[in-house]
1. Within region 128-148, identify whether any single residue is of a type in the set (Lys, Arg) and modelled with pLDDT of 85 or more, and answer yes or no.
2. Scanning region 200-220 for residues that are buried (at least 17 other Cβ atoms within 10 Å of the Cβ) and in a helix (DSSP H, G or I), which turns out nearest to the chain's Cα centre (by Cα)?
3. With the requirement that a residue be crowded, with 17+ Cβ neighbours inside 10 Å, closer than 22 Å to Leu236 by Cβ and free of Cβ contacts under 8 Å to residues at least 40 places away in the same chain, what does region 167-199 give you?
4. Name the single residue, out of those in region 247-274 being in contact (Cβ under 8 Å) with a residue 40 or more places away in the chain and outside any strand (DSSP E or B), that is nearest to Ile99 (Cα to Cα).
5. Looking at (1) in contact with a strand residue (DSSP E or B) (Cβ under 7 Å, 6 or more places away or on another chain); (2) more than 29 Å from Leu142 (Cβ to Cβ), which one does Ala179 not meet, given that it meets all the others?
6. For region 221-235, state whether one or more residues are in contact (Cβ under 8 Å) with a residue 60 or more places away in the chain and outside any loop (DSSP other than H, G, I, E, B).
7. Can you tell me which residues in region 183-196 are farther than 12 Å from Phe215 by Cα and either in a strand (DSSP E or B) or within 14 Å of the chain's Cα centre (by Cα) (or both)?
Amino acid sequence: MIKAVRTGMSMREAEHEFGFSKSAIQRWVERAHGQRLDRVDLNERKPGRAWNRTASEVEQRIAELRTQLRDGVLGEHGARTIRTTLQGEFSRVPSEASINRVLSRLGLQDAVRRIRRPAPPKGWYLPAVVAGDTGVLMGQRLQSALLDPNSPNVVAPGKRPRITLTPTLVLKDGLPVMALSTPGGDNQDQALLQVFLNIVEFGMSPQEAVEAPRFDTQHYVSSFDDHEFLPGSLNLESRLELRTIQELGYRGHKTKVQGPWGTLSAPTVITFDSRTGIASGGADPRRGRYAVAW
């Protein structure tokens, strides 16, 4: 690989050919020869060679072959099968490792498309009136708006009320790493934040994250009914440590201890590992939710 770069192979071509990042290849070459590489033309090849354009065409062809091959054929030798086909169509082709990375990325993109959860139609849960014979449900989400002129959520012509629906897609370095959502009214944001932190900050698996004990505050103006406001109110599942519950009470919270699985939210979550292409799921048993993979 080092010799290939030194004799004219571009960083981009080396990245496709050997399956390592351009920065890693550059470090190895510099270490081997004790000098810095010219960073100006990292993506250029020798005059007359158009690998940059060809690489894009090869990747597009990999995507096409992926859709043509059935699971039984692709199997564990999918990259080898695709590479053999590419060798009959292109003068230079990427390694099996590089092809596997492309396949993983394409699979990840498919997974994201599958799990994107649109907000449910208004009226599917709240009582609604059907508009004639159209099948369109005239929901009552407008009840979430307020009549208080000093509230940013005050009702006004053409204005959307604040709503509780919070399906979430999490990105890292521009790539999707997590998708999560939950029912639960005004508890949705609170529940999803706790599940998110359980995974990102505390290293839990998706299933551990949704099953962990949670809390929820009611120190807000409710989105529903009579817009009740319960200042200082804090619901806590009984699985939380007693010492923690007592300390919150000492600090002025109006604590209410619920059952061990008492909170109304019930998140589902999918995480993605872009390095391996593996997706993992978790579903909250509080409301009988479950995750299925195939």
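The values are calculated or read from the model by the stated rules, or taken from the named source; none is laboratory data. Computed from a predicted structure; not experimentally measured. Please note: Cβ atoms are built from the backbone with ideal geometry, for glycine as well, and neighbour counts cover all protein chains shown.
1. no
2. Top of the filtered list is Pro206.
3. Once the filter is applied, which keeps residues that are crowded, with 17+ Cβ neighbours inside 10 Å, closer than 22 Å to Leu236 by Cβ and free of Cβ contacts under 8 Å to residues at least 40 places away in the same chain, region 167-199 yields Asp186, Gln194, Phe196, Asn198.
4. Out of the qualifying residues, it is Ser274.
5. Failing condition for Ala179: (2).
6. Taking every residue of region 221-235 in turn, at least one turns out to be in contact (Cβ under 8 Å) with a residue 60 or more places away in the chain and outside any loop (DSSP other than H, G, I, E, B).
7. The one that is farther than 12 Å from Phe215 by Cα and either in a strand (DSSP E or B) or within 14 Å of the chain's Cα centre (by Cα) (or both): Phe196.
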